[in-house]
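One structure is given below, encoded as structure tokens.
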Amino acid sequence: MAIGIDKLSFYTSEYVLDLVELAQRRGVDPNKYTIGIGQDKQSVIPNYEDVVTMGANAAAKIIDNDDRQQIDLIIFATESGIDNSKSSALYVQKLLNLSEFSRTIEIKQACYAGTFGLMQARDYVASHSGKRVLVIASDIARYGLNTPGEVTQGGGAVAMIVSESPHIATINSDSVYMSRDVADFWRPIDRTEAIVDGHLSTDIYKEMFLTLWQRYKDQSGRTIADFAGFTFHLPYTKMGKKAFDQIIDEADERTQGRLLKNLKASQKFSREVGNLYTGSVYLSLLSLLSYAQDLVAGEQLAIFSYGSGAEAELYSITLQENFFKYVPANETKNELADRKKVSVDQYEQIFNSQLLDSHENVSSDHPDADHFQFLGWQNGERQY
Ligand code: HMG
């Protein structure tokens, strides 16, 4: 039975920071950020957004009344969740008027959890014919002002509906995966920013990709020429390129040209948004589907998901007939173009006002009837 991604959407905040301006303020050559790291802009997340609002805002774009009846399971992947007990999926169920006769759960393993959610969704649909699963991957990537990781911040959410006979792509049963306890990036429960060994994390990412690629080829008998494109988890866009450069020589010149062009297409949205942890690899997929000119139904894309700590998975999807009609390409491009630019001073002020560990009320001077917002606390409970 064909099961896969039926609908796909993305949401990020309305504010954006120009990284050339950030480089100038930090006394860094802007080329380090735009070429060395491969990031041009970064979403800035105000304190009336959190993983719930961004996840609900992403999902609201794709949920219709049929989904409301058929969604049997809501999987919420995040590593910047808002409660140590209650699942963000429950808030989303209520905000979107989804059926109470559904299972709701939050999952975590750094940036990898979105992919685990997707695989669980596929397996769930396989054993519950006719049901649909909503998968949300939502995060705020924070490293702190004036840190090496600052240029790789960002945030946003991807929502996907997994079903039988999907409109966009089937998820193939060819996954290879691995996990190993590594201290490359983690966030103790009392901290609002991650502890990171950035260079170690880059090395582990590259190593896990290469190891899984070899394993994938051994198990499937496929080669690089079997793919129309590769999409990577993109903490910053150069990371995907570094990983891909390890295998690009396996392709002939023509295939190399196509794959590198499509890698660029897959990086475009991330260049403008930054890292969104769990959702990043699926923003990369959305970017590829939105910008690539040459993709044809029936072709396969390779997806590499990585989460620090560390866990990785490599698998493929097959594009469906008329898939492009179901990809919100122009909508996403327009929304990113319409964001409001903030100065470095404004960004720093917004960053410091996130109140991640506070129970104070958020200022409610920003009413927006079109989007879900975090309004503050009442009796220790978050209000939306
Ligand atoms: P850094 O030490 O500031 O940068 O940290 P660098 O000195 O390594 O330079 C970066 C690149 O810029 C280098 O290129 C330089 O040569 C180049 P490379 O050798 O890597 O190809 N460069 C220049 N290029 C042009 N003009 C110039 C110039 N100067 C230098 N003038 C680092 C960079 C990414 C480590 C840092 O930003 C960081 O720690 N980020 C956070 C961690 C991260 O993103 N890790 C990625 C892998 S781990 C992962 O993906 C998981 C994650 O998403 C979390 C999760 O799973 O939950 C992070």
Within the stretch 310-323, can one find any residue that is charged (D, E, K, R), under 17 Å from D226 (Cβ atoms) and surrounded by fewer than 24 Cβ atoms within 10 Å (Cβ to Cβ)? no
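Suppose we keep only residues that are buried (at least 18 other Cβ atoms within 10 Å of the Cβ) and among the small types (G, A, S) within the stretch 190-232. Which one would you say is nearest to L288 (Cα to Cα)?
G229
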Against the condition more than 13 Å from the ligand (Cβ to nearest atom) and either at pLDDT below 95 or under 19 Å from E313 (Cα atoms) (or both), how does D218 come out, does it pass? yes
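From R103, R142, R132, which residue is within 13 Å of the ligand (Cβ to nearest atom) and not assigned by the TED database to the domain that holds F304?
R142
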I need the full set of residues from the stretch 30-55 which are of a type in the set (D, E) and without any contact (Cβ under 8 Å) to a residue 40 or more places away in the chain, in order please. none
Filter the stretch 95-114 down to the residues that are surrounded by fewer than 17 Cβ atoms within 10 Å (Cβ to Cβ) and among the acidic types (D, E) and list them by number. E100
Looking at this structure, is V158 of a type in the set (A, V, I, L, M), within 8 Å of the ligand (Cβ to nearest atom) and surrounded by 15 or more Cβ atoms within 10 Å (Cβ to Cβ)? no
Any chance you could count how many residues in the stretch 238-280 are within 11 Å of the ligand (Cβ to nearest atom) and either out of contact with any helix residue (DSSP H, G or I) (no Cβ under 7 Å at 6 or more places or on another chain) or more than 21 Å from L8 (Cα to Cα) (or both)? 8
Keeping to the stretch 145-155, report how many residues are part of a loop (DSSP other than H, G, I, E, B), within 12 Å of the ligand (Cβ to nearest atom) and not β-branched (V, I, T). 2
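Return the only residue of S343, S316 being modelled with pLDDT of 95 or more and either under 19 Å from the mean Cα position of the chain (by Cα) or of a type in the set (A, V, I, L, M) (or both).
Of S343, S316, the one residue that is modelled with pLDDT of 95 or more and either under 19 Å from the mean Cα position of the chain (by Cα) or of a type in the set (A, V, I, L, M) (or both) is S316.
Residues G55, G4, G27: which one is outside the structural domain of S290 (by the TED database) and within 16 Å of the ligand (Cβ to nearest atom)?
G27
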Which residue pairs have Cβ atoms closer than 6 Å, lie 6 or more positions apart in sequence or on different chains, and pair a first residue in the stretch 320-344 that is in contact (Cβ under 8 Å) with a residue 40 or more places away in the chain with a second residue that is of a type in the set (D, E, K, R)? L336/E272; R339/E14; K340/E14; V344/E21; V344/R25
Mind listing whichever residues of the stretch 176-189 are over 19 Å from the mean Cα position of the chain (by Cα), assigned to a loop (DSSP other than H, G, I, E, B) and either touching a residue at least 40 places away in the same chain (Cβ under 8 Å) or surrounded by 15 or more Cβ atoms within 10 Å (Cβ to Cβ) (or both)? R180, D181, V182, D184, I189
Total residues in the stretch 192-215, condition in a helix (DSSP H, G or I) and within 16 Å of the ligand (Cβ to nearest atom): 15
Any helices (runs of 4 or more DSSP H) falling wholly within the stretch 18-85 and containing at least 2 residues that are of a type in the set (D, E, K, R) and crowded, with 24+ Cβ neighbours inside 10 Å: none
Would you confirm, using the coordinates I've provided, whether A228 is of a type in the set (A, V, I, L, M), at pLDDT 95 or above and more than 14 Å from the ligand (Cβ to nearest atom)? yes
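The values are calculated or read from the model by the stated rules, or taken from the named source; none is laboratory data. A quick note: this is a predicted structure, and the numbers were derived from the prediction, not measured. Every residue, glycine as well, gets a Cβ built from its backbone with ideal geometry; the counts of neighbours run over all protein chains shown.
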